[in-house]
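Asks: Dumping the structure here so I can ask a few things about it.
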Amino acid sequence: MADKNVTRGEMLYEGKAKQVFATDKKDLVLVHFKDDATAFNGEKKGQIEDKGIINNKLSASFFRFVESAGIPTHFVTRVNDRDMLCRKVTIIPLEVIVRNVVAGSLAKRTGQAEGTELPEPIVELTYKDDAQGDPLVTKEQAISMGAAKAEEIDQICAMALQVNDALYPWLLEKKLRLIDFKLEFGRNEEGHIVLADEMSPDTCRFWDSETGEKLDKDRFRRDMGGEKEAYVEVWNRVGDFHFAVPG
C-alpha cells in the first residue's frame, strides 16, 4: 500500500483543470483536480459540478489499468476525493493524440463525417503552447523545437498506441467506444519516460457504443448540457479498477 501520509507544500503549477503541489517527499507531488472546465484553448470557461472528483477517480482507475498492461505511469495512489499522489516528472511539451474515429478537429480539417471509423489508429502530435493554441506539429518540427529527441518521440507514440490497444477492447466490454484521446508523458528522475497528466472525459472522447451518445467534454464544448451526468456515467461503467501485483 502506497503511503498517503504526505504533507502538501507550495503550488508548483496550475493548469486549466489541475493544480500540482510539492510534498514533504522530494520525489512525489500532489495533483489536485478542479471542477473548472475550458474549451477552445481557454476561450470558453465554466465549471462542471464534481468533475474534479470524478476525473481523479477515473484517472486512478485508468492508470492502474494501463499499468496492468505493462505501461509505466507517474501514478502512485489516490489520496482523497480530489488529490492524487504522483511521482515527480518533467513533462515533455508534446500532446500525443490517438484517433480511432473521425471527430472534433479532425472532422473540421479533413471534411470527413464525424463518426467515420478509421482503417487504423492515427497518431498526431501537438506542441504544448497555449499562446499558439497547441499547434499540430510533425515529428521533425518537434525535434527542431527541442521538445524531445527523435527516439523519445518514437517511444511516446508507441506507448500511446499500446494504451489504445489495451483500452479500446476493454472499454467496448463496458459499452464505451473510445473515439480519440490525448496523452502526456514525462521523464522521471531516472530519465525514463512514463505516462503522466490524466485520463478522463476531459482528455478522451467516449461514445456509448450502442446509441452514439457523447459521454465526455464535448457536451460542454457544444452546449449540449448533461455534463455531470455523462462523466458520472463513464465512472459507473469503468469503476475502480485494481489488479494484483505479482509477488
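Derivation of every value follows stated rules applied to the coordinates shown; laboratory data play no part. Keep in mind it's a predicted model, so treat the numbers as computed, not measured. Methodologically, a virtual Cβ is constructed for each residue, glycine included, from the backbone with ideal geometry; neighbour enumeration extends over all protein chains shown.
Asks: Rounded, prolate or oblate: which one fits the range 1-65, using the alpha carbon gyration tensor with axes a ≥ b ≥ c (rounded when a/c is under 1.5, else prolate when a/b beats b/c, else oblate)?
Replies: Values: a/c = 2.57, a/b = 1.52, b/c = 1.69.
Since a/c reaches 1.5 but b/c is at least a/b, the shape of the range 1-65 is classed as oblate.
Asks: If you find the alpha carbon centre of the range 143-221 and of the range 10-62, how far apart are they in angstrom?
Replies: 17
Asks: Using θ = phi - 60° and the Karplus form 6.51 cos²θ - 1.76 cosθ + 1.60, what ³J(HN,Hα) does each residue of the range 231-239 get, whole Hz, x for Gly and Pro?
Replies: Karplus values, whole Hz, x for Gly and Pro: 5, 5, 4, 4, 4, 4, 7, 7, x.
Asks: Restricting to DSSP loop positions (anything but H, G, I, E, B) with no more than 16 other Cβ atoms inside 10 Å of their own Cβ, which chymotrypsin sites (Phe, Trp or Tyr not before Pro) remain in the range 177-247? Intermediate results must be reported in sequence, preceding the final value.
Replies: Details: sites: Phe181, Phe185, Phe206, Trp207, Phe220, Tyr231, Trp235, Phe241, Phe243; in loops: Phe241, Phe243.
Those satisfying the criteria are Phe241, Phe243.
Asks: Right, here's the next one. Classify the range 108-203 from the C-alpha gyration tensor, please: rounded if a/c falls under 1.5, else prolate or oblate depending on whether a/b exceeds b/c.
Replies: Working: a/c = 1.91, a/b = 1.30, b/c = 1.47.
Because a/c hits 1.5 or more and a/b fails to exceed b/c, the range 108-203 counts as oblate.
Asks: Right, here's the next one. I need the trypsin sites (Lys or Arg not before Pro) found in the range 1-50, filtered to DSSP loop residues with at most 10 other beta carbons within 10 Å of theirs. Before the final figure, lay out each step's value.
Replies: Numbers: sites: Lys4, Arg8, Lys16, Lys18, Lys25, Lys26, Lys34, Lys44, Lys45; in loops: Lys4, Lys16, Lys25, Lys26, Lys34.
Here the trypsin sites (Lys or Arg not before Pro) that fit, given the DSSP loop and packing criteria, are Lys26.
Asks: Pulled fully out, how much extra length does the chain show between Asp81 and Ala113, if you take 0.36 nm times their separation in residues and subtract their Cα-Cα distance? Write down the numbers at each step before the final one.
Replies: Working: separation 32, 0.36 × 32 = 11.52 nm, distance 3.85 nm.
Full-extension gain reported as 7.7 nm.
Asks: Spelling out what I want: for every residue of the range 157-169, take phi, set θ = phi - 60°, compute 6.51 cos²θ - 1.76 cosθ + 1.60 (Karplus), and round to whole Hz; glycine and proline get x.
Replies: Each residue's phi maps through the Karplus curve to give 5, 5, 5, 4, 5, 4, 4, 4, 4, 7, 6, 4, x Hz.
Asks: Find the percent of Cα-Cα distances in the chain that exceed 24 Å, and round it to a whole number.
Replies: 46
Asks: Let me ask you something else. State the answer as a single residue: which of Val137, Ile71, Ala60 lies farthest towards the positive end of the charge dipole of the chain, with beta carbon charges of +1 for Lys and Arg and -1 for Asp and Glu, about the Cα centre.
Replies: Selected residue: Ala60.
Asks: With a cut-off of 8 Å between alpha carbons and a minimum separation of six or more residues, what is the relative contact order of the range 8-87 in percent? Display every interim value, and only then the final one.
Replies: Values: 142 pairs, mean separation 19.8, N = 80.
Across the range 8-87, relative contact order equals 25 percent.
Asks: Report the calculated FRET efficiency for Asp27 and Asn236 (r = Cβ-Cβ distance, R0 = 51 Å), to the nearest 0.05. Don't jump to the answer; show the numbers that get you there.
Replies: Details: r = 34 Å, r/R0 = 0.67.
So, using R0 = 51 Å, E works out to roughly 0.90.
Asks: Given R₀ = 22 Å, FRET efficiency for Gln155-Ile122 by Cβ-Cβ distance, to 0.05? Could the numbers behind the result be given before it?
Replies: On the way: r = 18 Å, r/R0 = 0.82.
So, using R0 = 22 Å, E works out to roughly 0.75.
Asks: Now for a different question. Could you work out the helix-only [θ] at 222 nm for the chain, with each DSSP H run of four or more residues adding -39,500 (n - 2.57) and the total divided by the number of residues, to the nearest 500 deg cm²/dmol?
Replies: Details: 6 runs with 70 residues, N = 247.
Calculated from helices alone, the mean residue ellipticity at 222 nm is -8500 deg cm²/dmol.
Asks: Right, something else. Quick one: 3J(HN,Hα) in Hz for the range 138-151, Karplus 6.51/-1.76/1.60 with θ = phi - 60°, rounded, Gly and Pro as x.
Replies: These are the phi-based 3J(HN,Hα) values: 7, 4, 5, 5, 4, 5, 5, 7, x, 5, 6, 7, 4, 5 Hz.
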